[in-house]
Structures are given as structure tokens and as C-alpha cells.
Amino acid sequence: DDVTVKDVEFVSATGESAFQVYNANGVVLENVTATGDEAAVIINGSKVTMKDCKVANTDENGWGGINVDKNGELTIEGTLDYTGVAATKPVIWAENTGNGVVNGFEAVGLTKQENKGDSSDQTWYVAE
């Protein structure tokens, strides 16, 4: 809890995600770059603020940029560079069964789309 990760880059192995925050509150990612083969960042049961970060995927079949899952909450401040996320994938997605919350998505040029994913149980935040 209550940790800041700043000025660092995470790159995943094949078939993996780059960075996961699990059951933590008050986490700040500042000027962090995450490149994942699956997801770039997973927020699982945590409250995370991302400030001036960059997310990307290395696999066009990967999941997308940021997964907000299982009561996770993401707040975006400053910029979010998502140009490295495949156009067919969500920049951010929340599992509806997990009650994920995303704040500040409009300020970085994302729109909300509900009932997405393989079983229509996700909310996607995609580039406008």
C-alpha cells in the first residue's frame, strides 16, 4: 500500500503481462512504460493512479492495454500514451463481474463501450 513507482520501464516475456498491482491501495505509477504480450498492466483488487504513463502490446492477439479487474480502480492523471495498443484491442477494459472502475478516461481521448468482450461481460475504453 501507498507506494509510488516512477521513471521505470517494464517489458513482459512472451505470453505474459508486464506489470500487475494486486490487492494494494494508494499505488501511483508515474512516468512508467509497460509493454506486455498479453496486457501491459493488470490492476487487480487495487486502487491505482497512473500519471504520464505509456502502455503497449507486443502481440496483436494480446488482451489490450490496461485490465481493471476484481474491484480495481484506475484514475488517470496527466497523459496516457496508448499508441502501442493494437487498434482492435481496448486501451483499458474492466470486467463487469469484477466491478472495475475507471476515472479520467475522457481526458485522454477514450470513449466507453459497454457489453464487449467474448461473452459481453466487459466495459472497454477505446480511442476515439
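The values are calculated or read from the model by the stated rules, or taken from the named source; none is laboratory data. For clarity, every value in this text was computed on a predicted model and none was experimentally measured. Each accessible area value is taken on the protein alone, full model and side chains, heavy atoms only, with ligands, DNA and RNA left out. Shrake-Rupley method; radii C 1.70, N 1.55, O 1.52, S 1.80 Å.
Can you give the relative contact order of the chain as a percent, counting alpha carbon pairs under 8 Å and 6+ residues apart? Each step should come with its number before you reach the end.
On the way: 380 pairs, mean separation 23.0, N = 128.
Relative contact order here is 18 percent.
Assuming 0.36 nm per residue, please report the length gained on full extension of the stretch D52 to A24 beyond their Cα-Cα distance. Show your work: numbers first, answer last.
Working: separation 28, 0.36 × 28 = 10.08 nm, distance 2.03 nm.
Fully extending the segment from D52 to A24 adds 8.0 nm.
Of K47/K70; K6/K70; K6/K89; K51/K116; K6/K116, which ones are farther than 21 Å apart at the Cα? Mind showing how you got there, number by number?
Values: K47/K70 11 Å; K6/K70 25 Å; K6/K89 26 Å; K51/K116 26 Å; K6/K116 32 Å.
As for pairs spanning more than 21 Å Cα to Cα, those are K6/K70; K6/K89; K51/K116; K6/K116.
Under the classification rounded if a/c is under 1.5, otherwise prolate if a/b is larger than b/c and oblate if not, where does region 38-109 fall, given a ≥ b ≥ c as square roots of the Cα gyration tensor eigenvalues? Provide the component values of the computation, followed by the final result.
Working: a/c = 1.86, a/b = 1.15, b/c = 1.61.
Note, shape of region 38-109 comes out oblate.
Which whole-Hz couplings ³J(HN,Hα) result when phi for each residue of region 113-119 is put into the Karplus expression 6.51 cos²θ - 1.76 cosθ + 1.60, θ = phi - 60°, listed in order with x for Gly and Pro?
Once θ is set to phi - 60°, the couplings for region 113-119 become 10, 9, 6, 10, x, 4, 10 Hz.
Among V68, V91, V11, which one shows the biggest mean-square fluctuation in a GNM of the chain, springs joining Cα atoms closer than 10 Å?
Checking each option, the largest mean-square fluctuation is seen for V11.
What is the percent carbon and sulfur in the accessible area of the chain, measuring with a 1.4 Å probe over the protein chains and ignoring ligands? Show your work: numbers first, answer last.
Values: 2630 of 6380 Å².
Ligands and nucleic acids excluded, carbon and sulfur reach 41 percent.
Considering only DSSP beta bridges with both partners in region 10-128, what is the antiparallel share in %, to the nearest 5? Let's see the in-between values first.
Values: 9 of 42 bridges.
Rounded to the nearest five, the antiparallel share is 20 percent.
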